[in-house]
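Enquirer: This is the structure, below, for whatever I ask next.
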Amino acid sequence: MFRIGIGFDIHRLEKGRKLIIGGIEIPSEKGFKAHSDGDIFFHALTDALLGAIGYGDIGQLFPDSFQKWKDADSSIFLREAYRIIKEKGYSIVNIDGYIVLQKPKILPYREKIIKNTAKILNINEEQIFIKGKTYEKIGQIGEGDAGFAEVIVLLKKEK
């Protein structure tokens with residue numbers, strides 16, 4: 001049996017915060033304003049994994065009302081979602097996603113993000129693909145005030 005999940009995350013950008021995407025710190029004058037580290041890719045991927053098995057979402061498991069998750073490393077969320085899908089008997093077939101950010105460009109960091117994600121999920125890098133997009137200077141995202149990510153995952157039930 002196969003299951004598909006989709007995840008989405010968006011955050012405003014603000015000066016004085018680190019820009020973390022896929023667990024990688026990317027040099028930038030702005031970072032995501034969020035309760036945790038604001039990693040939009042890991043947040044979207046966590047939701048996609050949980051959604052694929054109908055388990056819930058990142059806000060249910062890691063509510064931003066809990067001080068425990070203040071400035072938390074989002075790889076914690078991703079690791080827990082992976083643990084849950086494995087416990088339910090699923091494996092990851094592939095991950096496909098995109099990150100929308102006016103600047104900095106994602107392409108120079110894509111391979112690092114893929115490598116880090118594959119390591120956390122104990123899968124091959126070839127099972128992950130990420131596209132970097134801009135918003136063509138339209139709206140808050142295009143003006144460099146926000147960014148978002150969307151991820152789709154395909155899971156397979158192990159026998």
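Enquirer: Quick one: plug the Kirkwood hydrodynamic radius of the range 95-143 (C-alpha pairs) into Stokes-Einstein at 37 °C, 0.692 mPa s, and report D in µm²/s.
Expert: 284 µm²/s
Enquirer: Report ³J(HN,Hα) in whole Hz for each residue of the range 40-52, in order, from the Karplus equation J = 6.51 cos²θ - 1.76 cosθ + 1.60 where θ = phi - 60°; Gly and Pro get x.
Expert: 4, 5, 5, 5, 5, 5, 4, 4, 5, 5, 5, x, 4
Enquirer: Taking mean projected area of the Cα convex hull in nm² straight from the coordinates, which label in (i) 9.4; (ii) 12.1; (iii) 8.8 is the correct one?
Expert: Step by step, mean projected area of the Cα convex hull in nm² for this structure corresponds to label (iii).
Enquirer: Hey, another quick one. Choose one of F77, T46, S91: the residue whose Cα lies farthest towards the positive end of the charge dipole of the chain (beta-carbon charges +1 Lys, Arg; -1 Asp, Glu; about the Cα centre).
Expert: About the Cα centre, the residue reaching furthest to the positive side is S91.
Enquirer: Okay, moving on. Provide the net charge surrounding E143, with neighbours chosen by a C-beta distance below 12 Å and charges set as Lys +1, Arg +1, Asp -1, Glu -1.
Expert: Local net charge: +2.
Enquirer: How high is the relative contact order of the range 2-157, in percent, counting Cα pairs under 8 Å that sit 6 or more residues apart?
Expert: 34 percent
Enquirer: With the dipole of the chain worked out from charges on the C-beta (+1 for Lys and Arg, -1 for Asp and Glu) around the Cα centre, which of M1, Q102, A146 lies farthest toward the positive end?
Expert: M1
Enquirer: Oh, and also: Stretched out fully, how many nm does the piece from L107 to F8 gain, at 0.36 nm a residue minus the Cα gap?
Expert: 33.7 nm
Enquirer: Let me ask something else. If the limit is 26 Å between Cα atoms, which of K33/K112; K88/K133; K33/K105; K33/K103 go over it?
Expert: Violating the 26 Å limit, Cα to Cα: K88/K133.
Enquirer: Now for a different question. Roughly how many debye, to the nearest 20, is the charge dipole of the chain about its Cα centre, given +1 on each Lys and Arg Cβ, -1 on each Asp and Glu Cβ, and no other charges?
Expert: 260 debye
Enquirer: I would also like to ask the following. Tabulate in residue order the Karplus-calculated ³J(HN,Hα) for the range 144-159, using 6.51 cos²θ - 1.76 cosθ + 1.60 with θ = phi - 60°, rounded to whole Hz; enter x for Gly and Pro.
Expert: Result, rounded to whole Hz: x, 9, 7, x, 8, 9, 9, 9, 10, 10, 10, 10, 10, 6, 7, 6.
Each reported figure results from applying straightforward, stated rules to the coordinates on display, with no laboratory input. Everything quoted here is computed from the prediction, not taken from an experiment. All Cβ positions, even for glycine, are placed from backbone atoms using ideal geometry, and neighbour counts span all protein chains on display.
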